[in-house]
Amino acid sequence: MALVGRATASPGPARGAARCAVCSCGSASAGRRGEAAAQWLCRRATQRAQRISDRARGTQFYATHLSFEDLEEPAASSFEFADRGRERVEGVACRKIEARARYASNYDKRLLWVDDDRMVILQIENFREGRLLKRIKALDHRRVQGVWTPGRLQVEDLDKGGRTIVTLEDPSYDVDLPASRFTREALAAGGYD
């Protein structure tokens, strides 16, 4: 199910830094083979679509505390899961789940806190070599077309320091978009508006 909407990031230089789209393209079989989907960055200013190399997936997305890998939505089959019990996040009862990627990832372990009632992820902690690098909190959930959707993401970079808030505006699901809008040429020309 694809989500379409506008997102703004704050504070500082991330706000309005660039109009762009990040698209992941790949088949379900890529996830089963332990591969990440191909990812493309399409910048309006340069009218170019650029493939994000596997090596660059861990780099910073513009002036935010997000990496390109943080923007991916890998298939569940791309991970090995383990139940780590129950904890509360922001006063909400959650199931704590450990996820280890079956593909080359910048994080060797992720902890997910899933709301028992709504079955949505409220918090993700990303680790590398036992060190907590990043915490992402999904906040202000609301139902959009029957799907619980966060209104804001709070991203804390615990390795380098700093925080970014991403606000999702006007989200919509199952929008009928023709495949022609997702060619390299269409994306480079701003076909993602």
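The values are calculated or read from the model by the stated rules, or taken from the named source; none is laboratory data. It should be emphasised that the depicted structure is a prediction, and the values quoted were computed from it without experimental measurement. Note: ideal-geometry Cβ built from the backbone for every residue, glycine included; neighbour counts use all protein chains shown. Ligands, DNA and RNA are stripped out before the accessible areas are found, and what is left, the full protein with its side chains, is counted by its heavy atoms. Shrake-Rupley method; radii C 1.70, N 1.55, O 1.52, S 1.80 Å.
Within the stretch 114-146, how many residues turn out to be out of contact with any Pro (no Cβ under 7 Å at 6 or more places or on another chain), assigned to a loop (DSSP other than H, G, I, E, B) and not β-branched (V, I, T)? Here the count works out to 8. Whether any residue in the stretch 154-176 is touching a residue at least 24 places away in the same chain (Cβ under 8 Å), part of a strand (DSSP E or B), closer than 18 Å to A76 by Cα and among the aromatic types (F, W, Y) is what I want to check. No, the stretch 154-176 has no match at all.
Among the residues making up the stretch 139-155, those that are within 21 Å of N106 (Cα to Cα) and either open to solvent by less than 40 Å² (accessible area, probe 1.4 Å) or in contact with a helix residue (DSSP H, G or I) (Cβ under 8 Å, 6 or more places away or on another chain) (or both) are Q154, V155. Scanning the stretch 70-84 for residues that are open to solvent by 50 Å² or more (accessible area, probe 1.4 Å), in contact with a strand residue (DSSP E or B) (Cβ under 6 Å, 6 or more places away or on another chain), of a type in the set (A, V, I, L, M) and modelled with pLDDT under 85 turns up at least one hit.
Test of understanding: among I97, I124, I136, which residue is without any contact (Cβ under 8 Å) to a residue 40 or more places away in the chain and within 13 Å of the chain's Cα centre (by Cα)? Don't jump to the end; show me each part of the working.
Working: I97 fails: within 13 Å of the chain's Cα centre (by Cα); I136 fails: without any contact (Cβ under 8 Å) to a residue 40 or more places away in the chain.
Exactly one of I97, I124, I136 is without any contact (Cβ under 8 Å) to a residue 40 or more places away in the chain and within 13 Å of the chain's Cα centre (by Cα), namely I124.
Select from the stretch 85-109 the residues that are open to solvent by less than 40 Å² (accessible area, probe 1.4 Å), small (G, A, S) and modelled with pLDDT of 90 or more and list them in ascending order. G85, A93, A99, listed by residue number.
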